[in-house]
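Only the coordinates and a few stated rules stand behind these numbers; no lab work does. The structure displayed is predicted, hence computed values, not measured ones. Counting neighbours? That spans all protein chains shown, and the Cβs are built from the backbone with ideal geometry, glycine included.
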Amino acid sequence: MDLIGILLGGFAAGMVLFIVSVGLSVTMGLMGFVNLAHGGFAMLGGYAIVLAMKHWGLPFFGALAVGFAAVAALSVLLERLLYARLYRATELDQVLFTIGLVFVMIAAVTLAVGPETQTLVLPQWLRGQTDLGIIKYRTYSVAVIVAGTALVLALWLGFERTRYGARIRAAVDNRRMAQSLGVDVGRLFTATFALGSGLAAVGGGLGAEILGLDPQYPLRYLVYFLIVVAVGGLGRVSGVFCAALLIGVLDFVFKIHFPKGGTLFIYALTLALLLWRPQGLFGRRGA
Amino acid sequence: MTAARRLAERHHLRWWEALPWLAAAGAFFAFPNYLAFGTQLVITILFALSLDLVLGYAGIITLGHAAFFGAGAYTVGMLAQHAGWTEPLSGLLAAAAVAGAIGLASGFVLLRTHGLTLLMLTLCTMALLEEGANMASALTGGFDGMPGLQFAPLLGVFAFDPLYFRSQYVYSLVVLFACFALVRMLVHSSFGQSLTGIRENVLRMHAVGAPVRARLVLAYAISAALAGVAGALFTQANAFVNLAALGLDRAAGVLIVLILGGYGRLYGAFVGATVYFVLEHALAKAYPTAWQLGVGLVLIGVALFARNGILGLIQKPQ
């Protein structure tokens with residue numbers, strides 16, 4: 001496979017990583033909450049999207065919207081009822097709680113749907129190959145890259161150019177100062193949590209073709225999501241984007257060229273990057 | 001004041017501390033069919049105890065502790081397979097030395113960070129070891145690991161029977177007791193007090209001139225050596241070792257066990273491991289497909305209603 005094909009494949013995987021991880025980065029940056037169940041929201045969304053298309057015959061975009069809405073609503077419910085009780089708890093209690101939540105999600109999906117891998121049935125126009133001029137490539141990967149790029153732009157605009165985004169950035173940098181200036185960080189967090197979980201759901205659905213989708217999904221990819229967040233820097237949309245693309249492309253390249261021990265390189269790279277810049281590539285020192 | 005009471009007071013001994021050991025000894029006679037289960041439980045308690053030293057006392061949050069468990073497990077496995085070194089007790093020492101050395105080296109590099117960064121660095125170190133063990137298949141057996149290892153009888157007398165875990169159970173229990181006595185002595189010593197001080201207020205410890213990083217690295221290395229002993233026991237008792245000894249599942253599992261029981265309390269490892277094992281065993285038997293649901297609900301319940309684990313319900317933090 002030539003260079004451009006490899007890059008495109010890596011970009012598509014990176015876009016999925018970004019869409020899933022961006023919410024985790026922002027919510028961890030806002031509240032310092034260690035949410036190991038974030039991948040669980042991606043999995044639930046993926047299942048909702050795949051099953052909505054298979055059983056209800058919803059169109060692709062309709063299913064994505066349903067997955068987003070359902071998971072966002074569920075996450076608000078969980079956040080208000082359960083997460084909110086643990087904001088002042090230690091990180092370790094948060095770890096115990098979110099791991100427990102992952103177990104419950106895995107068991108619920110296994111019981112309700114079954115342990116087998118789910119496949120996304122693509123609509124006709126997303127199948128096959130597309131001629132990009134220089135290279136013919138899988139239409140679906142190209143579509144994921146286009147959708148991901150649009151989403152990055154939208155998030156970036158929302159983050160940098162709206163009042164809501166300014167509040168989030170202020171609260172990530174200095175929560176107490178933002179609170180004393182009248183930002184309701186609690187409500188801000190609930191809204192951001194819902195948005196982040198909804199995006200994760202979309203990522204789970206879009207990525208079902210690329211990362212696969214089965215009940216073990218939240219644990220299998222947890223490390224990848226955490227690496228992207230740690231390397232990108234907490235609460236940095238642009239950082240998460242660069243980290244996700246970097247990890248996606250490198251992982252893709254090394255898995256193709258060194259099928260045995262390909263992940264070794266990703267871990268070594270993360271280790272080196274975090275020793276060099278402990279706050280992440282784009283994080284602020286001391287943040 | 002009698003001599004026995006004075007001894008108890010000097011070592012902060014309390015009457016209920018005899019209970020777990022009496023229960024463990026009683027289990028040997030009461031549940032002869034569950035000794036394999038009991039051996040795994042004892043090994044997990046030792047592993048969780050080693051984690052408690054760094055996590056509960058020194059406040060180092062790590063997600064890569066299985067690196068040391070695996071290092072110990074593979075050390076005795078490779079020594080038995082390739083060097084014919086099958087004597088169990090010296091194998092434990094070799095495992096402790098190798099795991100402790102890895103802990104010392106990695107702690108020296110990693111312990112300047114904290115929070116999410118430290119979590120990811122410990123995780124990546126462990127993943128590197130796992131991938132390394134996977135790739136060096138000539139030495140480690142690669143993905144399949146090393147099945148069917150042979151170990152010499154303990155003290156030349158007690159053979160390890162792969163079907164009846166009688167020797168393995170008593171052996172693991174005695175090793176656990178020795179390691180527990182060491183950890184207990186450490187946390188009550190001035191070294192242990194300074195670790196607690198670092199956990200509670202690192203700035204103040206710097207201000208009083210305590211060698212913070214040296215203490216942390218030393219605690220990390222000791223904990224790594226103990227985890228290595230647990231791993232070595234695992235290989236010797238089960239007569240095999242594979243990549244599962246090094247994986248994230250094991251590291252996360254021991255973390256859950258310790259938080260569930262209550263960290264920073266010594267006995268949290270005992271309570272957490274026992275509750276988790278019995279719960280998992282009972283649920284997996286009753287509901288083979290849905291046992292994770294029950295375990296998950298218990299974890300959520302403990303996190304929400306019992307700050308700092310099950311022991312947090314009945315005991316004030318030390």
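General observations
- For peptide B:58-68, the mean count of partner chain Cβ atoms within 10 Å of a residue's Cβ comes to 1.
- Straight-line reach from A:Lys260: taking Cα to Cα under 18 Å and skipping same-chain neighbours fewer than 8 places apart, the aspartates and glutamates in range are A:Asp251, B:Glu130, B:Glu131, B:Asp144.
- Within the same chain, aspartates and glutamates fewer than 8 places from A:Lys54 are excluded, and of the rest, none has a Cα less than 14 Å from its Cα.
- Between A:Ser238 and A:Glu116, full extension at 0.36 nm per residue minus the direct alpha carbon distance yields a gain of 40.4 nm.
- Distance from the stretch B:70-102 to the stretch A:32-88 (C-alpha centre basis), Å: 46 Å
- Once the Cβ-Cβ distance of A:Ala65 and A:Val146 is raised to the sixth power relative to R0 = 22 Å, the FRET efficiency obtained is 0.80.
- Helix runs (DSSP H) in chain A reaching 20 Å along axis by Cα, Kyte-Doolittle at least -0.5: A:3-31, A:38-55, A:60-81, A:91-112, A:139-161, A:185-206, A:237-257, A:262-276
- Our note on the geometry: Cα centres of the stretch A:122-184 and the stretch A:203-243, 14 Å apart.
- As an equivalent ellipsoid, the protein assembly as shown spans semi-axes of 42, 28, 24 angstrom, where each value is the square root of five times an eigenvalue of the C-alpha gyration tensor, largest first.
- Shape call, chain B: gyration tensor on alpha carbons, a/c limit 1.5: rounded
- Global geometry of the stretch A:19-152, whether rounded, prolate or oblate, following the gyration tensor of its Cα atoms and the 1.5 cut on a/c: prolate
- Shown here for the stretch A:116-209: GluC sites (Glu not before Pro) in loop regions (DSSP other than H, G, I, E, B) with at most 15 other Cβ atoms within 10 Å, namely A:Glu116.
- Contact order normalised by residue count of the stretch B:33-247, Cα under 8 Å, 6+ apart, percent: 46 percent
- Charge sum, other residues only, whose C-beta stays under 15 Å from B:Ser189's C-beta, Lys/Arg counted +1 and Asp/Glu -1: +3
- For B:Phe160, the residues 5 or more places off, or on other chains, whose built amide H falls under 5 Å of its own are B:Leu154.
- For the stretch B:142-148, 3J(HN,Hα) per residue [Karplus equation, 6.51 cos²θ - 1.76 cosθ + 1.60, θ = phi - 60°, Hz, x = Gly/Pro]: x, 5, 7, x, 10, x, x
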